[in-house]
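This report concerns only the one structure given below.
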Ligand code: FES
């Protein structure tokens, strides 16, 4: 019996558990860009994605005024996203 593919290791040839149409990009000093038909809910299960398009930017720096989405504030002060 072989070990299952590691979905966290792209070199393993595994398919993301999010599906082949979802891509998450970690932007240097910026947000996480989520491209594709991924859902987004808060802790209560409320849909946060709403009418947003196929790409959403999730804040990593904690300085946004529209959490959990990036509003570009990370660019003003620099530093890690
Ligand atoms: S990553 Fe853009 S405002 Fe936080």
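The values are calculated or read from the model by the stated rules, or taken from the named source; none is laboratory data. Not measured: the values here are computed from a predicted model. Neighbour counts run over all protein chains shown; Cβ positions are idealised from the backbone, glycine included.
Summary table
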{"quantity": "Criterion: at pLDDT below 90 and outside any helix (DSSP H, G or I) - qualifying residue of 62, 79", "calculated": "79"}
{"quantity": "In segment 46-74, the residues that are near the ligand (Cβ under 7 Å from one of its atoms) and over 21 Å from residue 22 (Cβ atoms)", "calculated": "61, 62, 63, 64, 71, 72, 73, 74"}
{"quantity": "Failed criterion for residue 35 (all others in (1) more than 14 Å from the ligand (Cβ to nearest atom); (2) surrounded by 13 or more Cβ atoms within 10 Å (Cβ to Cβ); (3) without any contact (Cβ under 8 Å) to a residue 12 or more places away in the chain hold)", "calculated": "(3)"}
{"quantity": "Residue 43 vs. criteria more than 8 Å from the ligand (Cβ to nearest atom), exposed (fewer than 12 other Cβ atoms within 10 Å of the Cβ) and more than 19 Å from residue 22 (Cβ to Cβ)", "calculated": "yes"}
{"quantity": "Where residue 28 falls short, out of the listed (1) free of Cβ contacts under 8 Å to residues at least 12 places away in the same chain; (2) assigned to a loop (DSSP other than H, G, I, E, B)", "calculated": "(1)"}
